[in-house]
Amino acid sequence: MTQYNKQTLCVHSGTIIDPQDQGANSPIFTSTSFGYLDKETPMYPRYFNTKNQQALAEKISDLENGESALVFSSGMAAITSTLYSFLSQGDHIIFQSALYGGTLNFILKDLNRFGIEYTLVNSTYTEDFEQAIRENTRAIYIETPSNPLLKITNLEELARMAKSNNIFSIIDNTFASPVNQNPIDWWMDIVIHSATKYLNGHSDVTAGAVISTRHEIERIWETARNLGGSLNAQICYLLERSLKTLHIRVKAQNENAIQLAHFLEAHNKVQKVWYPGLKSHIGHETAKKQMNGFGGMLSFEPKNKSIIELQRKLKLIRPAVSLGGIDSTICSPAMTSHKGLTQEEREKQGISDTMLRLSVGIEDPDDLMQDLDQALESL
Ligand SMILES: *Cc1c(COP(=O)(O)O)cnc(C)c1O
């Protein structure tokens with residue numbers, strides 16, 4: 001199906017044709033027990049090879065311009081299964097330090113226990129990643145745009161550097177979504193998503209995905225089926241349905257976010273705004289080159305420090321964790337995703353305690369701006 005554009009792939013790619021009645025949607029196959037007499041490898045959900053899993057994996061793979069994909073029961077299942085699939089005792093891996101909290105926790109708590117060494121690089125510059133390479137380095141792992149400062153790492157530069165050093169490049173592409181950024185086009189090797197966020201987009205599913213070449217996915221599968229983070233048929237179906245509207249959802253979120261970013265940047269009660277679509281953002285030029293849209297995530301710092309009160313004054317935008325839903329939500333990174341760090345560690349990363357992160361939904365932008373305005377003015 002890859003001859004079609006993204007918008008079309010969202011709707012059609014992977015769909016299981018219903019031969020009985022030519023129905024519009026993939027049928028849901030609920031079985032966990034399948035016949036084996038005529039099969040080389042029997043179907044079993046934990047083998048990632050049932051029809052609903054494969055339909056969903058095909059759609060996600062097509063959306064990321066990959067050859068193949070696996071779908072998981074959470075983003076963390078995708079991340080840990082991928083990392084465990086090619087890291088062994090004695091290996092070294094480089095991480096960008098601006099990472100999703102759960103990923104960082106996994107690194108700090110688990111990697112050393114298995115004799116895996118790592119370096120956290122507090123930078124987005126290719127040279128700084130290259131300097132961290134050792135003889136036993138197997139991979140570089142990044143997130144761009146990052147949470148919550150929306151820092152931008154140059155994908156093409158990083159991927160080329162990794163290739164010339166014979167190491168894997170991995171990206172968690174959750175914040176961008178496949179609509180805004182396709183890292184495989186920039187030579188990155190492995191793309192991971194928490195499908196809990198934009199891919200599903202309705203705040204009612206936990207899932208994950210990894211996309212790469214057929215060869216790499218085969219290798220990740222060997223480990224993934226042992227770790228057991230597979231997704232069941234009903235949830236595969238729900239996510240497949242959500243993906244049909246991914247393109248129009250994310251497009252609407254992009255358009256709303258850029259309007260809100262300009263609005264907040266011009267607001268006299270706002271100190272600073274971080275959004276890759278703004279000229280004032282340090283990664284703007286790189287984002288313009290490698291992204292099709294700047295995404296639905298933005299952060300800002302109000303001049304008034306009463307951020308809890310500000311959030312309570314909002315009538316439409318909901319103070320809540322997680323992101324990527326069709327409804328706009330707001331949270332304080334210092335009180336949620338980065339709560340585990342000390343204030344000093346947060347400041348080192350540039351995350352102030354009065355910063356707020358906004359996940360922009362698909363509501364009318366005028367309603368969102370009005371809500372922010374009345375809350376900011378009320379303090
Ligand atoms: C939420 C998130 C994850 C983890 O996904 P789960 O589905 O919660 O396991 C990983 N990376 C990023 C960037 C996320 O936002």
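The values are calculated or read from the model by the stated rules, or taken from the named source; none is laboratory data. None of the values given here were measured: they were computed from a predicted structure. Note that each Cβ is placed from the backbone with ideal geometry, even for glycine, and that neighbours are counted across all protein chains shown.
Pairing each residue of the stretch 20-36 that is under 15 Å from residue 52 (Cβ atoms) with any residue that is surrounded by 12 or more Cβ atoms within 10 Å (Cβ to Cβ) and among the polar types (S, T, N, Q), provided the two are 6+ apart or on different chains, yields C-beta distances under 6 Å for 26/15; 29/52.
Taking the criterion of being touching a Lys or Arg at 6+ places or on another chain (Cβ under 8 Å), surrounded by fewer than 18 Cβ atoms within 10 Å (Cβ to Cβ) and either over 23 Å from residue 170 (Cα atoms) or aliphatic (A, V, I, L, M) (or both), no residue of the stretch 193-249 qualifies. Residues that are of a type in the set (S, T, N, Q) and either at positive phi or within 11 Å of the ligand (Cβ to nearest atom) (or both) within the stretch 140-153 comprise 144, 146, 147, listed in sequence order. Somewhere in the stretch 293-302, is a residue of a type outside the set (Phe, Trp, Tyr), assigned to a helix (DSSP H, G or I) and outside the structural domain of residue 153 (by TED's automatic domain parsing)? Checking the stretch 293-302: not a single residue is of a type outside the set (Phe, Trp, Tyr), assigned to a helix (DSSP H, G or I) and outside the structural domain of residue 153 (by TED's automatic domain parsing). Among the candidates 104, 108, the residue that is over 19 Å from the mean Cα position of the chain (by Cα), within 16 Å of the ligand (Cβ to nearest atom) and either part of a helix (DSSP H, G or I) or surrounded by fewer than 20 Cβ atoms within 10 Å (Cβ to Cβ) (or both) is uniquely 108.
Among the residues making up the stretch 257-279, those that are surrounded by 21 or more Cβ atoms within 10 Å (Cβ to Cβ) and not β-branched (Val, Ile, Thr) are 257, 260, 261, 264, 274, 275, 276.
Taking the stretch 154-189 as the range and being within 16 Å of the ligand (Cβ to nearest atom) and either of a type in the set (Asp, Glu) or assigned to a loop (DSSP other than H, G, I, E, B) (or both) as the test, the residues that pass are 172, 173, 174, 175, 176, 181, 188.
Within the stretch 348-371, how many residues turn out to be assigned to a helix (DSSP H, G or I) and in contact with a helix residue (DSSP H, G or I) (Cβ under 7 Å, 6 or more places away or on another chain)?
Qualifying residue count, the stretch 348-371: 3.
Here are 212, 194: which of them is within 18 Å of the chain's Cα centre (by Cα), away from the ligand (no atom under 16 Å from the Cβ), among the polar types (S, T, N, Q) and closer than 22 Å to residue 66 by Cβ? Of 212, 194, the one residue that is within 18 Å of the chain's Cα centre (by Cα), away from the ligand (no atom under 16 Å from the Cβ), among the polar types (S, T, N, Q) and closer than 22 Å to residue 66 by Cβ is 212.
When 169, 230 are checked against the criterion of being of a type in the set (S, T, N, Q), in contact with a strand residue (DSSP E or B) (Cβ under 6 Å, 6 or more places away or on another chain) and assigned by TED's automatic domain parsing to the domain that holds residue 48, a single residue qualifies: 169.
Each row is one residue, and each column tells you yes or no for (1) in contact with a helix residue (DSSP H, G or I) (Cβ under 8 Å, 6 or more places away or on another chain); (2) of a type in the set (Phe, Trp, Tyr); (3) within 16 Å of the ligand (Cβ to nearest atom).
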| residue | (1), (2), (3) |
| --- | --- |
| 322 | no, no, yes |
| 325 | no, no, yes |
| 329 | no, no, yes |
| 337 | yes, no, yes |
| 340 | yes, no, yes |
| 346 | yes, no, no |
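This table checks each residue for (1) more than 19 Å from residue 201 (Cβ to Cβ); (2) not hydrophobic (A, V, I, L, M, F, W, C); (3) not in a loop (DSSP other than H, G, I, E, B); (4) not assigned by TED's automatic domain parsing to the domain that holds residue 290.
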site	(1), (2), (3), (4)
15	no, yes, no, yes
33	yes, yes, no, yes
40	yes, yes, no, yes
55	no, no, yes, yes
60	no, no, yes, yes
66	yes, yes, no, yes
71	no, no, yes, yes
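If you go through the stretch 137-158 one residue at a time, how many are in contact with a helix residue (DSSP H, G or I) (Cβ under 6 Å, 6 or more places away or on another chain) and either surrounded by 23 or more Cβ atoms within 10 Å (Cβ to Cβ) or among the acidic types (Asp, Glu) (or both)? Counting residues in the stretch 137-158 that are in contact with a helix residue (DSSP H, G or I) (Cβ under 6 Å, 6 or more places away or on another chain) and either surrounded by 23 or more Cβ atoms within 10 Å (Cβ to Cβ) or among the acidic types (Asp, Glu) (or both) gives 7. One residue is enough: does the stretch 88-98 have a residue meeting the conditions within 16 Å of the ligand (Cβ to nearest atom), surrounded by fewer than 24 Cβ atoms within 10 Å (Cβ to Cβ) and part of a loop (DSSP other than H, G, I, E, B)? Yes, the stretch 88-98 has at least one match. If you go through the stretch 111-139 and keep only what is more than 12 Å from residue 87 (Cα to Cα) and outside any loop (DSSP other than H, G, I, E, B), you end up with 113, 119, 120, 121, 126, 127, 128, 129, 130, 131. Quick check on residue 289: is it farther than 24 Å from residue 362 by Cβ and surrounded by fewer than 16 Cβ atoms within 10 Å (Cβ to Cβ)? Yes.
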